[in-house]
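The numbers here are math on the coordinates, done by the rules we state, and not lab data. Given the structure is predicted, the values throughout are model-derived calculations rather than measurements. Every residue, glycine among them, receives a Cβ derived from its backbone with ideal geometry; neighbour counts consider all protein chains shown.
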Amino acid sequence: MPIIETGGAKLHYQIEGRADAPVLVLSNSLGTELGMWAPQMPRLLEHFRVLRHDARGHGQSQVTPGPYSIAQLAGDVIGLMDHLQIQRAHFCGLSMGGMIGMWLGAHHASRIERLVLSNTAACIPPREAWNVRIDKVKLAGMASIAEGVVERWFTPGFAAREPQQIDQVRAMLLHTSPSGYVANCAAVRDMDMRGDLVAIRAPTLIIAGSLDKSTPPHDGEFVAQQIAGARFLELDAAHLSNWEQADRFTTAVIDFLSA
């Protein structure tokens, strides 16, 4: 189990693929861990050296005292790249991972080749809704929110067709540390990148889900409008489009990063 310490946290990571291939960093959503990219891994490894990690407070990474910030989580990615002597890399992040990608693109431009920002937004109000979720998890744990979250992550049709996949993702959420989840909720709650997007110069692909209630397509369209030359792709999916439209998602990422 590879572990590094950066920014005061021990981070669990995996790096796979040919040593001479371009590096692609994958960043997961709130409430999941690096296994959320399982649908993509076989095909991505044909093209890239893939670096995944459990975000601080998730999976096998350390739960440090919160609240966290998106800048702090982005700093963890830079620390991981520094440890592995990766000067520049492609970056693909979904939801909270996409927010981390926005920060990296705006504030660490020299480290990013191309960006994929999926099912994400530059700001997700209202603040009060995040506070309600935080209080609920503090009081009653992850099980108190799991079903509602999973229902937003997938369309009913996909959930009916693929119950085993739903169970896999639900298990990630249920095994997330309540303290780590709350600390990361605060990072998403407090983030507002709307004024920073114009600083992103890396070629960028925005992916949205047409049925995503957490970060609807208009959120992705706004991000695309602020980043010069950004491309926008809408998939027939809810929030975890990399699971619900795995083939189309993976093809889009490979084609964009290989252009």
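Observations on the structure shown:
- Screening A183 on (1) in contact with a helix residue (DSSP H, G or I) (Cβ under 6 Å, 6 or more places away or on another chain); (2) of a type in the set (A, V, I, L, M, F, W, C); (3) buried (at least 20 other Cβ atoms within 10 Å of the Cβ) shows it passes everything except condition (1).
- Here G93 clears all of (1) within 24 Å of P42 (Cβ to Cβ); (2) within 17 Å of the chain's Cα centre (by Cα); (3) not in a strand (DSSP E or B) except the condition numbered (3).
- Selected residue (only one of G7, G31, G17, G35 is within 26 Å of S214 (Cα to Cα) and surrounded by fewer than 21 Cβ atoms within 10 Å (Cβ to Cβ)): G35
- Candidates A55, A129, A106, filtered to the one that is of a type in the set (A, V, I, L, M), closer than 28 Å to L235 by Cβ and in a loop (DSSP other than H, G, I, E, B): A55
- Test: residue in the stretch 40-61 that is crowded, with 17+ Cβ neighbours inside 10 Å, in contact with a strand residue (DSSP E or B) (Cβ under 8 Å, 6 or more places away or on another chain), closer than 18 Å to G98 by Cβ and of a type in the set (S, T, N, Q): yes
- Matching residues in the stretch 166-218 - criterion: being β-branched (V, I, T) and either free of Cβ contacts under 8 Å to residues at least 12 places away in the same chain or not in a helix (DSSP H, G or I) (or both): T176, I200, T204, I206, I207, T215
- Single residue of the stretch 154-168 satisfying the filter (surrounded by fewer than 22 Cβ atoms within 10 Å (Cβ to Cβ) and of a type in the set (A, V, I, L, M, F, W, C)) that is nearest to S110 (Cα to Cα): I166
- Scanning the stretch 189-214 for residues that are surrounded by fewer than 22 Cβ atoms within 10 Å (Cβ to Cβ) and hydroxyl-bearing (S, T, Y) yields S210, S214.
- Taken across the stretch 112-125, residues that are of a type in the set (K, R), in a strand (DSSP E or B) and surrounded by 16 or more Cβ atoms within 10 Å (Cβ to Cβ) do occur, with at least one present.
- Matching residues in the stretch 103-120 - criterion: being under 11 Å from the mean Cα position of the chain (by Cα) and aliphatic (A, V, I, L, M): V116, L117
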